[in-house]
1. Tell me the angle of helix 207-217 to the major Cα principal axis of the chain, expressed in degrees between 0 and 90 and rounded to the nearest ten.
2. Does the stretch 277-453 come out rounded, prolate or oblate, given a ≥ b ≥ c as the square roots of the eigenvalues of its C-alpha gyration tensor, rounded meaning a/c under 1.5 and, failing that, prolate meaning a/b above b/c?
3. Calculated FRET efficiency, residue 39 and residue 336, Cβ-Cβ r, R0 45 Å, to nearest 0.05?
4. Could you please rank 285, 462, placing first whichever residue has the fewest other Cβ atoms within 10 Å of its Cβ?
5. As a test of the formula, what do you get for the chain when each DSSP H run with n ≥ 4 contributes -39,500 (n - 2.57) and the sum is divided by the residue count, at 222 nm and rounded to the nearest 500 deg cm²/dmol?
6. Roughly how far apart, in whole Å, are the Cα centres of the stretch 371-405 and the stretch 1-49?
7. Beta carbons within 10 angstrom, averaged per residue: use that to sort the peptides 433-439, 162-168, highest first.
8. Once both axes come from the Cα atoms, what is the angle between helix 280-289 and the longest principal axis of the chain, in degrees from 0 to 90, rounded to 10?
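Each value in this text was obtained by applying a stated rule to the coordinates, not by laboratory testing. Remember, it's a predicted structure, so these values are computed and weren't measured experimentally. Here Cβ is always computed from backbone atoms with ideal geometry, including for glycine, and neighbour counts include all displayed protein chains.
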Ligand SMILES: [Zn+2]
């Protein structure tokens, strides 16, 4: 078999003020063809999985570009033209191929394209023809659109949120694609629209049970793969919302029937798919009243992983106002403050302005007296079977709070975010992480308790108040269930 593999994507927050340009890809994840290291990065599972199979079975693998940008605002038209053009030119040079494998996100929006993945898959299909197997791995926070379904043979989504299973799903995708190319299976896909906007925390019930049910359905009775597209609520596109995807072996009706059945089950979980989200002071009151620490408190509204700035000061300001001791917070994105700390060096005390630089959604900057605890260049965190960058970092102490400042915008994934830089978590009462849910995999083992707060910030979970312009109505929770589910197939109001 001759296989082409590439990775391109980002998660676009339509409401984020941070532009996404070509440089955003170059500085976050960028490997020219053939230069990807042996170990998988977050988002490059298909390449690593394809290498494993190519080595083991003697396939010919042609590697294209791997490029991902940290979630932020809309991607520039020039950047999309460049990325799309690069991958397609690499594919054309590789033709003929038996299999095309892409690592995509599924929620990338460019100035000139609302559905980047649908656009790319359509262009790929136009170049390879109907006989080549085209497969892609997607993030469940994708907008599962018709153009993607029409032009791919196989779409496999991560099942877990936190996304701890990216490499596992990539191996499944590669396996199904190779079997399809050998003619052993004939994948057909069908999706069902749940007509709802929601987040889904997979470690907790009832979502845990739903994920286990999806897995149990696979590999039997002609069902090859089952995925739940959670949707990405901060992407303002016509295809936004939760959807179920089923891949069956040759039987599209069977795939469609199962997708509708599972969509009914998803609708029945509505309002119960995440941990309770508290207000900022409510969360702090509960955390500080806990008999023992550390209590991990997630500042979900400033999650860089959803396109938020990660430089908001609302939580830190309240910690300082309330004179909270034995607390830490991170990562707070502030390249200027990191630079000043590197210049001053460990042990220095200096007046520092931190955070609040992106705009009003980040709150005002804080002017503090800081002690520099440590500095490091090119730091990183482990996540999802790979590494993600933190950039240059500085750990500082401000009052009773130790803060991890970083220069490459990203969310909290792993306790090493703090402990690698001299911030001890064992003696902390409170650990504040800027993250929506991905922190859970790494921090749950060290947390006495975990609390989710939705304080002020960019990623409001009050979806009814987001200024959508393109999301078709009715949809829950913007509209009541009897309207949102009225056209859904089967038992609509369950
Ligand atoms: Zn995601």
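1. 30
2. Values: a/c = 1.32, a/b = 1.18, b/c = 1.12.
It is rounded, given that a/c, with a ≥ b ≥ c, falls under 1.5.
3. Working: r = 32 Å, r/R0 = 0.71.
According to the calculation, E is roughly 0.90.
4. Working: 285 12, 462 9.
By the 10 Å Cβ count, ascending: 462, 285.
5. Details: 14 runs with 142 residues, N = 494.
That comes out to -8500 deg cm²/dmol.
6. After rounding, the separation between the Cα centres reads 23 Å.
7. Details: 433-439: 28.4, 162-168: 21.0.
In decreasing order of mean packing, 433-439, 162-168 become 433-439, 162-168.
8. With both axes taken from Cα atoms, the answer is about 70 degrees.
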